[in-house]
Every structure is written in C-alpha cells, then in structure tokens.
Amino acid sequence: MQGQIALVGMMGVGKTAVGQEIARQLGVVFTDTDTEIERAAAMTIPEIFARDGEAFFRDRESLVLARILDGRRGVVSTGGGAWVQPQNRALIRAAGVALWLDADLDTLWERVRHRATRPLLMTDNPRETLAKLLETRRPVYAKAHLRVPTDAQSDIETTARRAIAAIRANHPHFLEAR
C-alpha cells in the first residue's frame, strides 16, 4: 500500500473541503482531480460534458487520477463518479486507502441544490436524479476501505478528525512518516 488517501463519495459530500483539512492536519499535499482535469483541459467540467460527453470525461478523469496517485504522498479528492469506474478503484487500491465520505440525500441536496456546476444534475428533476445516483452508487462506494459518515451538523474539522481516526484504527501503519 502506497501513501495516498483518496476521498470518494457523492457530489456535495465535502470531499474537497474535508480533503484539504485532512492534508493540513497530516502535513501532506492535497490534490483535487476535478481541478486538475479543468486545468489540463482549460475548460470547466460542465463545458467538457457539454462538448465531449461523459464517456470522454471519464477517460480523462482516469488518466489524471493515475498521474496524481503516482505522485507525492498526500490526499486526493476524486469526482463523485470516479470510484464507480472499476479501473479507478484498482488504481486507488494500489496507491493507498479509499475513504468514503457518506451523507444522506437531504444533506447532499442542501449542499448541491444552488450550484449550476453539476452536469449530472442538469435535469428536469435534479433532486430525483441525485436520489437515483445515490441509490446506484452507494453499493459501489461501500467497497471503499473505510466509511466516514457526515451530515449537516458535522463541520469540516470534525469530519477530517474522524477520517484520520478511522485510518489510524484500521490501517495503523499507514500514517507513519515515510
């Protein structure tokens, strides 16, 4: 097992914010795959989806994820659909620990409902779409090494501390300095 902590879970669960805090607490680098994809493409993710489609985006996502996971030890925030792809699960498992941030539908909806940057939610009924995505993805997210629940009452620092505690409890040698 290498030194990457990859956060997986639904859009809006807080992977980026919590990931940044975990990285800060551990003194390691933080990388957001969506940011890296946008930088490489010189386009936003909604623009990539609109121009090239989801399949193209998922291919690029895998390439960027592989590059990041091969880099310096750190914390990686993945897009909501990254863990759903079998090749990405294999990459993440080989590089370190997959940590699923899990939240219920109401919490997720409150966090994403006012954002127009979620291409998969650009539907007639985005809440229903989110519910269906959660239902289909939850069993796949459950394949992660660890699960850390979060909700509207959990602040970023608390969730990050829970995540680090879960890693220490289940993979005690993982966080040792290398």
Item to check | Translational diffusion coefficient (Stokes-Einstein; Kirkwood radius from C-alpha pairs) of the stretch 4-170 at 20 °C, 1.002 mPa s, in µm²/s | outcome: 134 µm²/s
Item to check | Average silhouette area of the stretch 1-94, convex hull of alpha-carbon atoms, in square nanometres | outcome: 5.6 nm²
Checklist entry - Gain in length, residue 169 to residue 115, computed as 0.36 nm per residue apart minus the alpha-carbon separation, to one decimal in nm? => result 15.9 nm
Checklist outcome for this item: If one compares the long axis through the Cα atoms of helix 45-69 with the longest principal axis of the Cα atoms of the chain, the angle in degrees, nearest 10, works out at 10 degrees
Checklist outcome for this item: Whole-Å distance linking the alpha carbon centroid of the stretch 139-178 with that of the stretch 41-61 is 29 Å
Checklist outcome for this item: Which residues qualify? For residue 4, with a placed amide H closer than 5 Å and at least 5 residues away or on another chain, they are 74, 96, 97
Checklist entry - How long is the gain from residue 132 to residue 56 if the chain were fully straight, where each residue apart is worth 0.36 nm and the alpha carbon distance is subtracted? => result 25.1 nm
Item to check | FRET efficiency estimate (nearest 0.05) - Cβ-Cβ, residue 43 to residue 143, R0 22 angstrom | outcome: 0.10
Next on the checklist: Relative contact order for the stretch 4-170: what percent, with Cα pairs under 8 Å and sequence separation of 6 or more?
Outcome noted: 34 percent
Checklist outcome for this item: Taking placed amide H atoms and a strict 5 Å upper bound, the residues 5 or more places from residue 147 or on another chain that come that close are 100
Item to check | Dipole magnitude of the chain, debye to nearest 20 (Cβ charges: Lys/Arg +1, Asp/Glu -1, about Cα centre) | outcome: 500 debye
Item to check | Selected from 20, 85, 153 as most flexible by GNM, with the chain as the system and alpha-carbon contacts under 10 Å | outcome: 153
Checklist outcome for this item: GNM on the chain, Cα springs under 10 Å; top mean-square fluctuation among 100, 109, 83 goes to 109
Checklist entry - Given 107, 167, 153, which one lies farthest toward the positive end of the charge dipole of the chain, if we put +1 on the Cβ of every Lys and Arg and -1 on the Cβ of every Asp and Glu? => result 167
Next on the checklist: Only Cα pairs within less than 10 Å get springs; with that Gaussian network setup on the chain, which residue of 37, 167, 48 has the largest fluctuation?
Outcome noted: 48
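Each value in this text was obtained by applying a stated rule to the coordinates, not by laboratory testing. Predicted model, so just to flag it, every value in this text is computed and none were measured. Virtual Cβ from ideal backbone geometry, glycine too; neighbours counted across all protein chains shown.
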